[in-house]
Amino acid sequence: MFNKRYFNSRRNRYMVNLFLHTGLRLSEMLDLKWKDINLMTGRLKVVEGKGNKDRILWVNDDMLQEICDWREDQSETLGKVEYVFSTREGKRLKDRDIREMLYKYSEKALNKRISPHTLRHTYATDLYRQTKDIRLVQKALGHADLSTTMIYTHIVDDELESALKSFRK
C-alpha cells in the first residue's frame, strides 16, 4: 500500500505507525520535533498538547527502530530538519493533508474512511485491552477528565457481553 520508492509514501507509513504506537492527536503529530524524541530511550515528549499540557510517552524498541530509520531516510533526502514529519521542503505539514492521506489509504485498503482520531481511538482501545488500567490510558492520551477516557471501557464491555452470550453454546 505504501510505495517505498517515494519520500512522501515512506513518510506516511512511518507516521501512521507512530499514530498507532502513541495515540498522538493530529496537532501533536504535526508539531512533533526531533528535539522532543530521545532516540536512545524511546522517550517522546509531547510539548503543549491540548490544553497547553506537556506529557511523556515511550515507544517500544521496534517503533524506536522505525523512528531511527525514518530520521536517517529524512536526513538523506532533506538534510537537517526540525519536524519529525515534514514536507519535502522540510516545513510543517498541514492537518488537511494528513487527513486526506489517511482517507485515501484507508479507502483503498479497507473500503472505509479512517481519520487521525480513529488511529488514536484504536491505540487507546488496544492499550486498555492490554493493561485494563483506565488511569494509564487517561495519562497516555493526556485527558484531564477521566470521563473522557471511559468510552474505551464501554467498547471492551460490549466485547465481554458478546463473548459471554456466546460462551459454551
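Taking all Cα pairs closer than 8 Å and separated by 6 or more residues, the relative contact order of the range 26-163 comes to 18 percent. Solvent-accessible surface (1.4 Å probe) assigned to S162 amounts to roughly 70 Å².
When each of the peptides 119-132, 48-61 is scored by how many other beta carbons lie within 10 Å of its residues on average, the order from highest to lowest is 119-132, 48-61. Protein heavy-atom accessible surface, 1.4 Å probe, per residue over the chain: 61 Å².
Rounding to the nearest 20 debye, state how big the charge dipole of the chain is about its Cα centre with +1 on each Lys and Arg Cβ and -1 on each Asp and Glu Cβ. Mind dumping the intermediate values first?
Details: 33 positive and 25 negative charges, 71 e Å.
Charge dipole, the chain, about its Cα centre: 340 debye, nearest 20.
Just read off the accessible area of T118 with the full protein assembly in place, 1.4 Å probe, to the nearest 10 Å². Estimated to the nearest 10 Å², T118 gives 50 Å².
With N denoting the number of residues in the range 23-169, provide Rg(C-alpha) divided by 2.2 N^0.38 Å, to two decimal places.
Compared with the compact-globule rule of thumb, the range 23-169 sits at 1.21.
How big is the gap, in Å, between the Cα center of the range 14-73 and the Cα center of the range 124-169? Computed from Cα coordinates, the inter-centre distance equals 23 Å. Per residue, the convex hull around the alpha carbon atoms of the range 1-102 comes to 98 Å³. Taking only protein heavy atoms and a 1.4 Å probe, the accessible area of the chain is 49% carbon and sulfur.
The values are calculated or read from the model by the stated rules, or taken from the named source; none is laboratory data. Computed from a predicted structure; not experimentally measured. Every residue, glycine among them, receives a Cβ derived from its backbone with ideal geometry; neighbour counts consider all protein chains shown. Please note that ligands, DNA and RNA were not included when accessible areas were found on the heavy atoms of the full protein model with its side chains. Shrake-Rupley method; radii C 1.70, N 1.55, O 1.52, S 1.80 Å.
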